[in-house]
Amino acid sequence: MSRSKLVALAAAVVVCVAPSFATAQSAPDIAAGTKVTFLEATYMPNSITLKIDAPFGACAAGTLLRYFPQGADAGAQALNIQAVFSLLLTAKVSNQRVILTGYSADCTAVRFVTLG
């Protein structure tokens, strides 16, 4: 196959597949600047359970929220959940605010955590 045909084929694949990526992973649409009121490590390293003092999308303040590890493989996910737990614990102990971000389709699932 010639190089120009290969490039045209690759471009056609990108055009066909790109819309499905855009709809499958939309931007987070809920965020809350809040304080952590409860933090549970029981389910680590699979998830972190927490409560906050403000609403998170349709979820009322005090609703149990969950953070699930992110990363390309098990090693990256293990490091991610440890880092996020450390950040949340630091915020709770020091009474600092965090910014939680997620999707309104599932207000109990936190996607991003920022100290702020």
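Model label points for GLN70 and ARG97, set 7 angstrom from Cα along the Cα-to-Cβ axis, are 2.1 nm apart. Each Lys and Arg Cβ is given +1 and each Asp and Glu Cβ -1; about its Cα centre, region 18-116 then shows a dipole of about 240 debye.
Just name one of ALA60, THR37, LEU87: the one whose Cα is farthest towards the positive end of the charge dipole of region 16-116 (beta-carbon charges, Lys/Arg +1, Asp/Glu -1). Result: THR37, furthest along the dipole toward the positive end.
Distance between the modelled labels on ALA78 and LEU39, one decimal in nanometres: 2.2 nm (7 Å Cα→Cβ projection). Working note: Karplus 6.51/-1.76/1.60 with θ = phi - 60° gives region 49-54 the couplings 9, 8, 10, 10, 8, 9 Hz, where Gly and Pro are set to x.
Rounded to the nearest Hz, the phi-derived 3J(HN,Hα) couplings of region 56-62 under the Karplus curve 6.51 cos²θ - 1.76 cosθ + 1.60 (θ = phi - 60°) are 10, x, 7, 7, 6, 4, x, where x marks glycine and proline.
Only the coordinates and a few stated rules stand behind these numbers; no lab work does. Since the structure is predicted, the reported quantities are computational estimates derived from the model, not experimental observations. Neighbour counts are summed over all protein chains in view; Cβ atoms, including those assigned to glycine, are modelled from backbone coordinates with ideal geometry.
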